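Step one of this worksheet: look at the structure below.
The values are calculated or read from the model by the stated rules, or taken from the named source; none is laboratory data. Remember, it's a predicted structure, so these values are computed and weren't measured experimentally. Note: ideal-geometry Cβ built from the backbone for every residue, glycine included; neighbour counts use all protein chains shown.
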Amino acid sequence: MSKEHTETGRREMTGAEMVVQALKDNGVKHVFGYPGGAVLPIYDELFQQEAVEHILVRHEQGAGHAAEGYARSTGKCGVMLVTSGPGATNAVTPLQDALMDSIPLVCISGQVPTTLIGSDAFQECDTVGITRPCTKHNWLVKDVNQLASVLHEAFIVATTGRPGPVVVDVPKDVQFAKGIYTPPQTAPRISYHPKVDGDADAIRRAVELMAGAKKPVIYSGGGVVNSGPEASHLLRELVELTGFPITSTLMGLGAYPASGKNWLGMLGMHGSYEANMAMHDCDVMLCVGARFDDRITGRLDAFSPFSRKIHIDIDPSSINKNVPVDVPIIGDVGHVLEDMVRLWRASAKTDKKGLQAWWEQIARWRARDSFAYTKNKDVIMPQYAIQRLYEATKGRDVYITTEVGQHQMWAAQHFGFEQPNRWMTSGGLGTMGYGLPAALGVQIAHPDALVIDIAGDASVQMTIQEMSSAVQHEAPIKIFILNNQYMGMVRQWQQLLHGNRLSHSYTEAMPDFVKLAEAYGGHGIRCDKPSELDDAIAEMISVKKPVLFDCRVAALANCFPMIPSGKAHNEMLLPDEATDEAIANAIDTKGRELV
Amino acid sequence: MNAHLQATGSAYFISRETAKPETHTLSILVDNEPGVLARVIGLFSGRGYNIDSLTVSETEHEKHHSRITIKTRGTPHVLEQIKNQLERIVPVHRVVDLTVVAGELGHDRPLERELAMVKVAGSGDDRVEALRLATAFRAQVIDANTEHFIFEITGRVSKIEQFIAIMKPLGLVEVCRTGVAAMNRGPAGM
């Protein structure tokens, strides 16, 4: 190594060494992965150093979700390492999951040697072809001298603009080959330049609209969390300054605290009555880092028909995609909110009196108590289980992940989030099996925190093998399973759409989760009585190893309130109205096609 | 919860079903790197957009820039989405809707040209007629023997369509077309 080389950071090394060096140079501390033939040289390098810790999982999908949980809970980039062929194809689900929820994720995959590419070699697949539509960008690196710059670029693309997953596919001969390593450079490629500052004129028009609003609502989303803690801080400041009510998507929970006085609860298909009614009746809507997803809007032609809409988003393609807006502001939520708050302070005055009638209306909607459920002395109601879990963990450093289904919605409804980055859930893709490995990733990033996966009995079995990873890495994650023996959300839709014919949504031969926990070397708890629930939760929290908590809940409880498909925000089905007949007639023929 | 869905005042309805689809020509400047065309085409197929014609070649060798010309159909809303989605692709530098720009410049449409090779085989009167028509269309003969001609014809799409239609009864054997190349009039670049 010559002197000039060390000064510029350029030096000769093998491709495998470059991968590890690039991880270090990009601040990576943890990598989630699974070895195999085509990544052995990289694993050999990982073995010979200590700066980057490798977390071995049991399935590549688990590595991806763990990296996602790691990323969401820290704001840093998640990194996964997989082998060629099945290693790469198993990574597809978390890649698409990260794409839809805008999670920064770098996936490094091994590939068969360049000379064998295209020959149907052992464990060969067209990784860049397969992952092209489920990544923000991807690369096949055939020249070792390009490897370092591609890896650095991969981190830039994954973490800047609208964050997302990227794949760098590295053939085995490139891992062995020697070349020149170049350190990270700040200048990205010319064609990639995300816009972060919002147009000043658009922000001014937005503030004018907001100042004149009589029935405003702020609708925030995952973009606020992605933008960083400062964005959440600014959002709170804006709410405080304007006195506007605020609701959030599933992905955005925690950006504004659930205990905040302007909080309406989550909106959308299973959102609160007051949030959805406020969205429907508002005159000015400020959408901050959300994307008018179909679970949020309900019937599009009846979506918030009386409002002027302001939309802040870093991705221009989100603007006018589903809902036409009056004032689009393209930029990073944090930057735009900063300008907006400054402008509001300088020019606008909060008309608390003018908003009074609106708040009174909201109070009437809130009085409907749309998350209510009938308590039961003998059976644990799933909503009750979440509420008790929330009470038991209040004030602690707690991180919640979920799987996908009824339990996910109940968690979003009944668990209060006070801070961003504390809620990890698969929103866009709806990936059952996300929560357990995501909890592992969160726990690796926050070894001393309380990390709970609120799970369903069906979802959790999709990636339950990662219990073994949690035991190996001494990650004391708590898997709180709301066990109703059904795929509850599937069953709920079958009741709504298919004449209560419960086709294959009941799980017979359920494993004994307590014995299963013990088999993995974890701790198992079962509880089926409301009177014993608090003690059981306390036991779960106190155990210093991974726990499977089999919480037996009412089997046939359904998730309400609900906007049935094809209906508008003001046509919600409320829990006290959800009779069998109402459920059977909730969705008309046209809505049935929409789901 | 009585639904009052009749919107009044500043109501915004999606006009996707009622808006008429339009044909637009897009120019896309990209880094010429492996897979870039697959990214562009994959976006169209993945999101259900149409491609009527596609042309691509490296146009600036020293910068390794390629220019892709795509004719596509969609409602104004969909066309806007196509442009925005294309611009998300990392190696895409610029996307210009040439049809929109032509309108801003006061023209009906951008300048569009296509090249076709048309092979016609036959003898006697048909053969004489084919050659006579080719001359009228300003098509060049680029290969011939006593049994066939290959014509090279350049021009607007409609002209090429017409030429091919005329050649059909005169012994048309095969056609190869380049797809549309397009740019706007005037001194400004894309």
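Quick notes
- Test: residue in region A:528-537 that is surrounded by 22 or more Cβ atoms within 10 Å (Cβ to Cβ), touching a Pro at 6+ places or on another chain (Cβ under 9 Å), of a type outside the set (F, W, Y) and modelled with pLDDT of 95 or more: no
- Subset tally (residues that are in contact with a helix residue (DSSP H, G or I) (Cβ under 8 Å, 6 or more places away or on another chain), over 30 Å from A:D197 (Cα atoms) and among the polar types (S, T, N, Q)) for region A:112-163: 5
- Taking the criterion of being outside any strand (DSSP E or B) and in contact with an Asp or Glu (Cβ under 7 Å, 6 or more places away or on another chain), no residue of region B:106-122 qualifies.
- Test set (1) surrounded by fewer than 17 Cβ atoms within 10 Å (Cβ to Cβ); (2) within 30 Å of A:S307 (Cα to Cα); (3) more than 14 Å from chain B (Cβ to nearest Cβ) - A:G212 fails condition number: (3)
- Consider region A:323-360 and keep the residues that are surrounded by fewer than 18 Cβ atoms within 10 Å (Cβ to Cβ) and within 14 Å of chain B (Cβ to nearest Cβ). The one that is farthest from B:H77 (Cα to Cα) is A:D326.
- Matching residues, region B:22-76, being among the polar types (S, T, N, Q) and either in contact with a Pro (Cβ under 7 Å, 6 or more places away or on another chain) or closer than 24 Å to B:G189 by Cα (or both): B:T23, B:T25, B:S27, B:N32, B:S53, B:T55, B:S57, B:T59, B:S66, B:T69, B:T72, B:T75
- Of the criteria (1) buried (at least 21 other Cβ atoms within 10 Å of the Cβ); (2) at pLDDT 95 or above; (3) not small (G, A, S), which one A:I563 fails: (2)
- Only residues that are surrounded by 18 or more Cβ atoms within 10 Å (Cβ to Cβ) and in a loop (DSSP other than H, G, I, E, B) were counted across region A:8-51, and they come to 5.
- Residue check, B:V56 surrounded by 16 or more Cβ atoms within 10 Å (Cβ to Cβ), over 15 Å from B:N84 (Cα atoms) and among the β-branched types (V, I, T): yes
- Looking only at residues in region A:130-162 that are more than 25 Å from the chain's Cα centre (by Cα) and surrounded by fewer than 21 Cβ atoms within 10 Å (Cβ to Cβ), the one that is nearest to the other protein chains (Cβ to nearest Cβ) is A:K142.
- Within region A:552-573, residues that are away from chain B (no Cβ under 12 Å) sit with their Cβ atoms under 6 Å from residues that are crowded, with 23+ Cβ neighbours inside 10 Å and among the β-branched types (V, I, T), at 6+ positions apart or across chains, in these pairs: A:V553/A:I380.
- Which numbered condition A:V166 fails, given (1) crowded, with 24+ Cβ neighbours inside 10 Å; (2) within 30 Å of A:M340 (Cα to Cα); (3) within 11 Å of chain B (Cβ to nearest Cβ): (2)
- Filtering A:S191, A:S227 for residues that are under 20 Å from A:V341 (Cβ atoms) and of a type in the set (S, T, Y) leaves a single hit, A:S227.
- Residue ID - farthest from A:P324 (Cα to Cα), chosen from residues in region B:37-75 that are at the interface with another protein chain (Cβ under 10 Å from one of its Cβ atoms) and assigned to a helix (DSSP H, G or I): B:A38
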